Amino acid sequence: MDFLIREAVQADMESVHQLVTELAVFEKMPNAVKVTVEELTRDGFGERPLFHCFVAEADSTLIGIALVYPRYSTWNGPVIHLEDLIVTQSMRGKGVGKALLKRVVAYGLEKKVRRIGWEVLDWNEPAIQFYENSGAIVLRDWDVVQMDRAAMKKFMEE
């Protein structure tokens, strides 16, 4: 299977959105995706892009994405966060994920970051194995903490 890893362009955002939705279904959260194609386009390609995206393409079809954005660690300085690495179900196990992760790591090295971080669901053993086999450390003693918009508003009302 031949595929190409390249930087995403605005015209890719509809397919990126479809892959994000596919991931949400896989992760048993089918209604979790709130972002729109228009927001992805604006936020990724505006005057100050909020993220950088790489895509895997085969036969003019996007089969995977890796979306990253900059963060700053008080312990390490510049780092990047890998928000999602998605390979469409039918293309898993063909090296697409590894190629996308290699591109993200190359990008991190280009940007001179000291760490790349991301989350993985504790029940997603194939992904955990993939990440550990690539040399990543899965920190099982850290919990992810989030506050959605409703919680933010409620907190501010207190």
Quiz item: Any idea which residue in segment 11-48 is surrounded by the most Cβ atoms within 10 Å (Cβ to Cβ), counting only those that are in a loop (DSSP other than H, G, I, E, B) and of a type in the set (S, T, N, Q)?
Solution: Thr36
Practice problem: Output the residues belonging to segment 69-98 that are hydrophobic (A, V, I, L, M, F, W, C), more than 10 Å from Val113 (Cα to Cα) and in a strand (DSSP E or B). | Solution: Leu82, Leu85, Ile86, Val87
Quiz item: Which pairs do you get when a residue that is farther than 15 Å from Gln89 by Cα, found in segment 23-41, comes within reach of a residue that is hydroxyl-bearing (Ser, Thr, Tyr) and at pLDDT 95 or above, reach meaning Cβ atoms under 6 angstrom, with the pair 6+ apart or on two chains?
Solution: Val33/Thr21
Self-check item: Single unsatisfied condition, Tyr107 versus (1) of a type outside the set (Lys, Arg); (2) under 22 Å from Val25 (Cα atoms); (3) in contact (Cβ under 8 Å) with a residue 12 or more places away in the chain
Solution: (2)
Quiz item: Does segment 101-122 include one or more residues that are of a type in the set (D, E, K, R), touching a helix residue (DSSP H, G or I) at 6+ places or on another chain (Cβ under 8 Å), closer than 18 Å to Val16 by Cα and modelled with pLDDT of 95 or more?
Solution: no
Practice problem: Filter segment 115-130 for residues that are surrounded by 13 or more Cβ atoms within 10 Å (Cβ to Cβ) and outside any helix (DSSP H, G or I) and give the result. | Solution: Arg115, Ile116, Gly117, Trp118, Glu119, Val120, Leu121, Asn124
Quiz item: Got a number for residues in segment 49-67 being assigned to a strand (DSSP E or B), surrounded by 14 or more Cβ atoms within 10 Å (Cβ to Cβ) and not small (Gly, Ala, Ser)?
Solution: 9
Quiz item: Which of the residues belonging to segment 110-123 are in contact (Cβ under 8 Å) with a residue 12 or more places away in the chain and out of contact with any Phe, Trp or Tyr (no Cβ under 7 Å at 6 or more places or on another chain)?
Solution: Lys111, Lys112, Val113, Arg114, Arg115, Ile116, Gly117, Trp118, Glu119, Leu121, Asp122
Practice problem: Go through segment 53-67 and give me each residue that's of a type in the set (Asp, Glu) and in contact (Cβ under 8 Å) with a residue 24 or more places away in the chain. | Solution: Glu57
Quiz prompt | Unmet requirement for Gln146, which otherwise passes all of (1) without any contact (Cβ under 8 Å) to a residue 12 or more places away in the chain; (2) among the polar types (S, T, N, Q); (3) outside any loop (DSSP other than H, G, I, E, B) | solution = (3)
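The values are calculated or read from the model by the stated rules, or taken from the named source; none is laboratory data. None of the values given here were measured: they were computed from a predicted structure. A quick note on method: Cβ atoms are made from the backbone with ideal geometry, for glycine too, and the neighbour counts reach across all protein chains shown.
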